[in-house]
Amino acid sequence: MPSNFQIDFTSIGLKKNYLYEVLATTFSIEKNLMFPNTACMGVRLLDKKLIKIWPYPNTTTYKNIESSKFLIINFIDDVYLYALSSLKGSFASKSVGALSEKYYNYYTLGVNGEYKDYAKRITSTDSIQLPYLKQAWAIIICIATDKKEILKEDDFGKVNLMEINLSVISYEKFKESFKLYNRAENLTLETILLATKLNVAIEKENEALIKTIKRKIEENFNEVKRFGRNVSALKAIEHIKDYLKGLET
């Protein structure tokens, strides 16, 4: 795609300076094999070709960005996939596991011109196969350009994050999506993010913060159950519970 390409971000519902929770796919290369990794990530569109993200510095997402520079933003309707992508590893349910290869398709991106230097460490050809989630109704392909470490503070305390600028180099819209997340799904997404913060609080042995986050998670569990019939949200809640059990062992 040429460097002067234009994206109609309104066609995928993005507005400038809004914070969105998406699923971000990165990858590592080992012995000429590509290993995708997907995680929940907050993104903010600053202009037509610039997006910011804030990963934790010790995460696979950040390490993959450091090594390959590429990141694929997936727009997904199913909140259960957010739970599978974000809460994984040794604390996740052994019966579910992380997202496997069957969850991914591959997008062919031409890498001639200004982006060839980024891709040459991965491929010697004029194109690269980039992983994205099969359930995505749209994707945005980005390259990390620069970064800085920041200290972020919210209601749950302070945390060190890496602020990364992403240059948008391509996108694809596969189908229309007019879905709006309902209350149960929004609460479920919030609870997924709380579970990741709980992991950080446990690592820091911050007992006051642990109690605060656990209390909020329990409140959200009760609210989601009260709404009742949202199958995707309820499946995600069960996955979160399994993850929390693993944190406590």
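Of all residues in the stretch 92-107, those that are farther than 19 Å from Ala138 by Cα and assigned by TED's automatic domain parsing to the domain that holds Phe75 have Cβ atoms under 9 Å from Cβ atoms of residues that are at pLDDT below 50 and small (Gly, Ala, Ser), 6 or more apart or on another chain, in Ala98/Ala92.
For the stretch 69-97, filtering for residues that are under 20 Å from Asn186 (Cα atoms) and either modelled with pLDDT of 95 or more or touching a strand residue (DSSP E or B) at 6+ places or on another chain (Cβ under 7 Å) (or both) leaves 8.
Hey, among Leu45, Leu71, Leu14, which residue is of a type outside the set (Lys, Arg) and either in contact with an Asp or Glu (Cβ under 9 Å, 6 or more places away or on another chain) or more than 18 Å from Leu133 (Cβ to Cβ) (or both)? Criteria check complete, one pass: Leu45.
Just so you know, in the stretch 124-134 the residues that are in contact with a strand residue (DSSP E or B) (Cβ under 9 Å, 6 or more places away or on another chain) and surrounded by fewer than 17 Cβ atoms within 10 Å (Cβ to Cβ) include one that is nearest to Thr108 (Cα to Cα), and it is Gln129.
The residue that is nearest to Glu21 (Cα to Cα), counting only those in the stretch 194-231 that are of a type in the set (Lys, Arg) and in a helix (DSSP H, G or I), is Lys197.
Please find, within the stretch 97-136, the residue that is farthest from Asp77 (Cα to Cα) out of those that are in a loop (DSSP other than H, G, I, E, B) and under 15 Å from the mean Cα position of the chain (by Cα). It comes out as Ala98. Listed conditions (1) surrounded by 19 or more Cβ atoms within 10 Å (Cβ to Cβ); (2) in contact (Cβ under 8 Å) with a residue 60 or more places away in the chain; (3) in a helix (DSSP H, G or I) are all met by Leu166, apart from (3).
Could you list, in sequence order, the residues of the stretch 151-163 that are in a strand (DSSP E or B) and either crowded, with 16+ Cβ neighbours inside 10 Å or within 19 Å of the chain's Cα centre (by Cα) (or both)? Within the stretch 151-163, Lys152, Gly157, Val159, Asn160, Leu161, Met162, Glu163 qualify.
Among the residues making up the stretch 187-213, those that are polar (S, T, N, Q) and either surrounded by 20 or more Cβ atoms within 10 Å (Cβ to Cβ) or at pLDDT 90 or above (or both) are Thr188, Thr191, Thr212.
The values are calculated or read from the model by the stated rules, or taken from the named source; none is laboratory data. Nothing here was measured: the structure is a model prediction, and the numbers come from that model. For neighbour counting, all protein chains shown are included, and Cβ atoms are generated from backbone atoms with ideal geometry for every residue, glycine included.
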